[in-house]
Amino acid sequence: MRPEPLYEADARAGPVGEELPGAPPDVPGLAPAPVMRRLCLLGGESAGKTTLARALAGELGAPFVAEYGRELWLDVGGTFGVQQLLEVARVQVQREEEALEQARAAAARRGASQAWVVCDTSALTTAVYCLLDHGHAPAELQALARRPYDLTVLCALDFDFVQDGARRDAGFSARQQALTTELLREFAMPWVQARGPLDQRLATVREALGRSG
């Protein structure tokens, strides 16, 4: 039996804002290093993740980490194999780390105490593709899928599916959504549910960001 999530899908997010591994230590006489925070958007295809992620990045003045898997699929097409999906997850994480360094440097120049990076999906989504397409995921991909975020937003499938040429269909999106939710619960990862039109979703995330301090 799978463990219950720390929070239900529409409940308050948990504690966030812990300094991420790799942040430079504080030096006496110098300003403290900025606290780096990651915000991740999840959900099935056509859930509105990218639209919300770009809007949040604009509001926060934060780097936007695009979905590498989508970019690669537009280049090569087809169904990715297990090793390809593992590489997609690795590159996604690498992009996040690069964005964190850029945001940390920018925050330090401004004298800011914290900075956000907005991630349009994560390795958890890559693991979902792997499980749905191949029935299993390698241990490294499973580990990357558990990568923590300071705020995770699950976008609801509450409007009509839009086919943009890079998506499958509404049925597959629904299966993605269900498995994403299941994995969030299994990994005991708190999340906030974003529903409705963009302005309503933004308001939900703003409230969660306010609670994060």
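Odds and ends about this structure:
- Only a single criterion out of (1) surrounded by fewer than 13 Cβ atoms within 10 Å (Cβ to Cβ); (2) within 23 Å of T180 (Cα to Cα); (3) at pLDDT 50 or above is not satisfied by P24, namely (2).
- Residues of segment 133-163 satisfying the condition of being surrounded by fewer than 16 Cβ atoms within 10 Å (Cβ to Cβ) and farther than 30 Å from L100 by Cα: D133, H134, G135, H136, D158, F159, D160, V162, Q163
- Failed item, numbered, when D164 is tested on (1) in a helix (DSSP H, G or I); (2) closer than 21 Å to A57 by Cβ: (1)
- Filtered residues of segment 111-126 (kept if part of a helix (DSSP H, G or I) and hydroxyl-bearing (S, T, Y)): T125, T126
- Here T51 clears all of (1) β-branched (V, I, T); (2) in a helix (DSSP H, G or I); (3) surrounded by 23 or more Cβ atoms within 10 Å (Cβ to Cβ) except the condition numbered (3).
- Number of residues in segment 55-83 that are touching a residue at least 24 places away in the same chain (Cβ under 8 Å), outside any loop (DSSP other than H, G, I, E, B) and either in contact with a helix residue (DSSP H, G or I) (Cβ under 6 Å, 6 or more places away or on another chain) or surrounded by 15 or more Cβ atoms within 10 Å (Cβ to Cβ) (or both): the value is 11.
- Filter pass, A203 being in a helix (DSSP H, G or I), of a type in the set (G, A, S) and more than 26 Å from G77 (Cα to Cα): yes
The values are calculated or read from the model by the stated rules, or taken from the named source; none is laboratory data. Because the structure is predicted, anything quoted here is derived from the model rather than measured. Positions of Cβ are generated from backbone atoms using ideal geometry, with glycine treated the same way; all protein chains shown enter the neighbour counts.
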